[in-house]
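Read-outs: derived from the displayed coordinates by stated rules, not from any lab. Just so it is clear, the model here is predicted, and its values are computed rather than measured. Don't worry about glycine lacking a Cβ; one is built from the backbone with ideal geometry, like all the others, and counts go over all protein chains shown.
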Amino acid sequence: MEEVILKIFAQSITRYFATVADGAAVLGTPYLSDENESVAFDFSAVIGITGSHRGNIYYTAPREKLHALLPLIGETTPDDRLCAELVGEITNTISGNAREQLGGGFMISTPFIIEGSPLNIHTSKDSTCYILPVTWNNHRSRVLVSLQQNPASP
Amino acid sequence: MKLLIVDDSLIMRRAIERSLGRTHFTEVRTATTGLQAVDMFEHYKPDVVTMDITMPDMDGLTAVDQILKRNPRATILVVSALADKATAVEAIKRGASGFLLKPITAESVHNALEDILAD
């Protein structure tokens, strides 16, 4: 199940950068999150998942990367407010796009923005958290996938 | 022509507004929730509405229903990241004039608006 889910999110983030950014995103090998590892960059957004699956999807990126990306979508004077908005929109887009394969039962919340680098990103205790490294124009960012199938879902 | 852009994301509202360069729209207003969109639709009377789906207070598909109740001839372009076919079909079944999948580009927004106006 994990491999299929990770592939879906890899496709979603690749599609985002191929459409919006000037240059393809390069994906690293996904790895398991270490509870003691600080995985967040300057700006993060989290979307809650309900319905066919339960858990969270995060996207986290450093300020420098977001400042490089914002002009490509027409924002010529990047600031922290726009950085926060952008991580929210990226998280929303990659989660929503995942419904192409996961179906309409994969319900997504509106994004919640976290500024600054907290020591840990909180994930469900019942599910494993995978980190998908994303590099674009030498800037690093991460997609965090912490999902489990909902046994109550048909 | 008047356009109402409905999206809870500032980035998206601004991106859609910037993409209007060569379209017929001379006046643009924005709303951040479905509830606000329905209220603004009554007072602003836009010619076209772009509508996100996943928003706080009232989702975009419910807002489409509410707007079409008030004006069955309203022209609404749903702009959403929800990529399952059933969501696009549902939007059109409820009366939306078109569906545009995020991520968007200036060209994709421009073309989608031109298409629904041509219809």
Residue-averaged beta-carbon neighbours from other chains (10 angstrom radius) around A:71-81 = 2
Report ³J(HN,Hα) in whole Hz for each residue of region B:71-80, in order, from the Karplus equation J = 6.51 cos²θ - 1.76 cosθ + 1.60 where θ = phi - 60°; Gly and Pro get x.
-> 8, x, 9, 4, 9, 10, 9, 7, 10, 9
Here, trypsin sites (Lys or Arg not before Pro) of region B:46-119 satisfying both criteria (DSSP loop; at most 15 other Cβ within 10 Å) are B:73
Once you've got the GNM for chain A with C-alpha springs shorter than 10 Å, pick whichever of A:141, A:44, A:127 has the biggest mean-square fluctuation.
-> A:127
Quick one: which residues, 5 or more positions from residue B:49 or on another chain, have an amide H under 5 Å from its amide H? H modelled 1.01 Å from N in the peptide plane, none for Pro or chain starts.
-> B:4, B:75, B:76, B:77
Take A:53, B:24 and order them by how many other Cβ atoms sit within 10 Å, fewest up front.
-> B:24, A:53
Evaluate 2.2 N^0.38 Å with N set to the residue count of region B:41-101, then give the Cα radius of gyration divided by it.
-> 1.03
Choice from A:143, A:87, A:26 showing the highest fluctuation, given a GNM over chain A with Cα pairs closer than 10 Å = A:26
Using only the Cα atoms of the protein assembly as shown, what do you get for the radius of gyration and for Dmax, in Å?
-> 18.5, 57
When the dipole is taken about the Cα centre of region B:1-106, and only Lys, Arg (+1) and Asp, Glu (-1) are charged at their Cβ, what size is it in debye, to the nearest 20?
-> 380 debye
What shape does region B:1-69 have by the C-alpha gyration tensor, where a ≥ b ≥ c are the square roots of the eigenvalues, rounded means a/c under 1.5, and otherwise prolate means a/b greater than b/c and oblate the rest?
-> oblate
Where a Cα-Cα gap under 14 Å defines reach, which aspartates and glutamates qualify for residue B:93, not counting those fewer than 8 residues away within the same chain?
-> B:65
Residue mean of other protein chain beta carbons inside 10 Å, A:91-102 | 6
Specify which residue in the list A:52, A:33, A:88 is farthest towards the positive end of the charge dipole of region A:1-99, using unit charges on the beta carbon of Lys, Arg (+1) and Asp, Glu (-1), about the Cα centre.
-> A:52
How many percent of the alpha carbon pairs in region A:21-154 exceed a separation of 19 Å?
-> 50 percent
Along region B:23-39, Karplus-curve 3J(HN,Hα) (6.51, -1.76, 1.60; θ = phi - 60°) to the nearest Hz, with x for Gly and Pro, reads 9, 8, 7, 10, 9, 10, 10, 10, 9, 10, 9, x, 4, 5, 4, 5, 4
To the nearest 20 debye, the protein assembly as shown has a Cα-centred charge dipole, built from +1 on Lys and Arg Cβ and -1 on Asp and Glu Cβ, of 440 debye
In debye, nearest 20, what is the charge dipole magnitude of chain A about its Cα centre with +1 on Lys and Arg Cβ and -1 on Asp and Glu Cβ, if you could check?
-> 320 debye
When Lys and Arg each count +1 and Asp and Glu each count -1, what net charge do the other residues less than 13 Å away from residue B:52, Cβ to Cβ, add up to?
-> -3
Ascending count of other beta-carbon atoms within 10 Å, so fewest first, for B:57, B:84, B:8 = B:57, B:84, B:8
Once Rh for chain B is found with the Kirkwood sum over Cα pairs, what is the Stokes-Einstein diffusion coefficient at 10 °C and 1.306 mPa s, in µm²/s?
-> 115 µm²/s
